[in-house]
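Notes for the one structure printed next.
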Amino acid sequence: MKAVRSIHVSEPDLSDLERSYVLDAFDSTWISSTGDYVRDFEREFAKLSGTEFAISCCNGTAALHLAYLGLGLGPGDEVILPDLTYVATANALLYLGAKPVFADCDAGTWNVCPDSVRRMMTPQTRAIVAVHFLGTPCDLAALRTIADDCGVALIEDAAEAHGSSFDGRRVGSWGTVSTFSFYGNKTITTGEGGMVCTSDPAIAERVRTLRGQAALVDRPYWFDEVGYNYRLTNLACAIGLAQVERFEELKAKRIRVRGWYERAIRDAELPLALQDAPVGADVVPWMVGVVLSADSPVGRDELMRRLASEGIETRPFFHPLHALPMYRRAKTDGGCPMSAQVGARGLMLPTHTKLSESDVRQIVECVGRQVRDRAAATMTAGG
Ligand SMILES: *Cc1c(COP(=O)(O)O)cnc(C)c1O
């Protein structure tokens, strides 16, 4: 059967507001990285993340690099991070010669397990990175306690969790420094883009300096250290400002989509689990993820292929980072067995603001059909 229309896993939500701001930036001729939209987007994003300062940059990976630099991390420093995260969280540590140490994930939230983080602490540990997987906040109270007990920094990679909160406080405001991504599939997008958030004025100053080639304010073309050009354009910030102004709308739509999935999946009694949230979490879902049960008749990759053939695009979860060639020799908590399982059996279902309730029903029905077909085929084959 030929798919009538394909359902994309993600789609940006760009309205007339984004359009009018970006045209205004264009018409002003301030298309580079100086301009009112840069200032306004940074100011409004700081409010959204509950921090004093927000420093825009060209992507979420650059934001991580700047955040790690801002904390002064360097060669030999160990940093504990989840094994189940996007590769950028760890890569930016390698840029500095720091050592990623992988902690395992929790079976229900798929976020880093605080007990595992505690087990991986050594005298060389300098920081913990909390990543809010798919938009669901980590148990930030537990991680904050561990960081404080051990005298190390807490960093948040909040690339997937714009506007989510824990214990009534926005993610991004729990860490000494935190980062966001505005890639095209993220909850707030600028096409490509990133942000470093902090309430520490010294870190903010350091990040601003390094973002702009480490140029000195009062001595043109003199540099006394190596910096980076990680700036974001006024054009991109124009889109970002409109997205922040529309945040309540974007958030409500994503929460509604997740609600439809929860209901449809519960009604269909499928062999898969949705993501748990820790007590105290207020989630703005980035992607709705599901993990197939160990006894699911259909495997993850086969399910994804069959959904694709019916026009439904999905994504697998991240591979556990310890499996990637450049991290094979990194320290892990006993091989991080839970993150390996969740990574192998998880998939992200289409999640964006343009989905209707009937789209979601259709997706879940299609998953159900694949499960039943596969179960029937197995029984036939088994006699
Ligand atoms: C998207 C993402 C990033 C950064 O991505 P960029 O593509 O560099 O903007 C970092 N960490 C996580 C967990 C992400 O999901």
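Surface composition of the chain: carbon and sulfur atoms hold 53% of the protein heavy-atom accessible area at a 1.4 Å probe.
Here the dipole of the stretch 78-202 is about 160 debye; that uses its Cα centre as origin and unit charges on the Cβ of Lys and Arg (positive) and Asp and Glu (negative). Computed from Cα atoms, the angle from the helix 234-245 axis to the main principal axis of the chain rounds to 60 degrees. Taking every protein chain into account, the accessible area of the stretch 16-246 amounts to 38 square angstrom per residue (probe 1.4 Å).
In this label model, Glu302 and Cys150 are separated by 4.1 nm, measuring between points 7 Å along each Cα→Cβ vector. Find out how many positive minus negative residues lie around Glu302, taking Lys and Arg as positive, Asp and Glu as negative, among other residues whose Cβ is under 11 Å from that of Glu302. Charge balance in the 11 Å sphere: +2. Relative to one another, the C-alpha centroids of the stretch 94-115 and the stretch 128-152 are positioned 10 Å apart. What is the calculated FRET efficiency for Glu225 to Ser356, with r their C-beta to C-beta distance and R₀ = 45 Å, to the nearest 0.05? Efficiency, from the Cβ-Cβ distance: 0.30. Taking Cα atoms only, the orientation of helix 300-309 departs from the longest principal axis of the chain by about 90 degrees.
The relative contact order of the chain comes to 24 percent, based on Cα pairs under 8 Å that sit 6 or more residues apart. Annotation: peptides 66-75, 353-362, ranked by per-residue average of other Cβ atoms within 10 Å with the highest first, follow the order 66-75, 353-362. Ordering 157-167, 119-129 by mean Cβ neighbour count within 10 Å, with the highest value first, yields 157-167, 119-129.
Which pairs in the list Lys251/Lys354; Lys186/Lys251; Lys186/Lys331 are over 22 Å apart, alpha-carbon to alpha-carbon? From Lys251/Lys354; Lys186/Lys251; Lys186/Lys331, over 22 Å: Lys186/Lys331. Surface exposure of the stretch 248-382, expressed per residue as accessible area with a 1.4 Å probe, stands at 49 Å². Relative to the longest principal axis of the Cα atoms of the chain, helix 16-28 runs at roughly 30 degrees. Stokes-Einstein diffusion coefficient for the chain at 10 °C in a medium of 1.306 mPa s, Rh from the Kirkwood formula over Cα pairs: what value in µm²/s? D = 73 µm²/s.
Only Cα pairs under 8 Å and 6+ residues apart enter the sum, and on that basis the relative contact order of the stretch 231-345 stands at 19 percent. Computed about its Cα centre, the charge dipole of the chain is approximately 820 debye, with only Lys, Arg, Asp and Glu carrying charge at their Cβ.
Other residues with beta-carbon under 14 Å from the beta-carbon of Gly191 carry, at +1 per Lys or Arg and -1 per Asp or Glu, a net charge of -2.
The values are calculated or read from the model by the stated rules, or taken from the named source; none is laboratory data. What you see is a predicted model, and the numbers here were worked out from it, not measured in a lab. Don't worry about glycine lacking a Cβ; one is built from the backbone with ideal geometry, like all the others, and counts go over all protein chains shown. Each accessible area value is taken on the protein alone, full model and side chains, heavy atoms only, with ligands, DNA and RNA left out. Shrake-Rupley method; radii C 1.70, N 1.55, O 1.52, S 1.80 Å.
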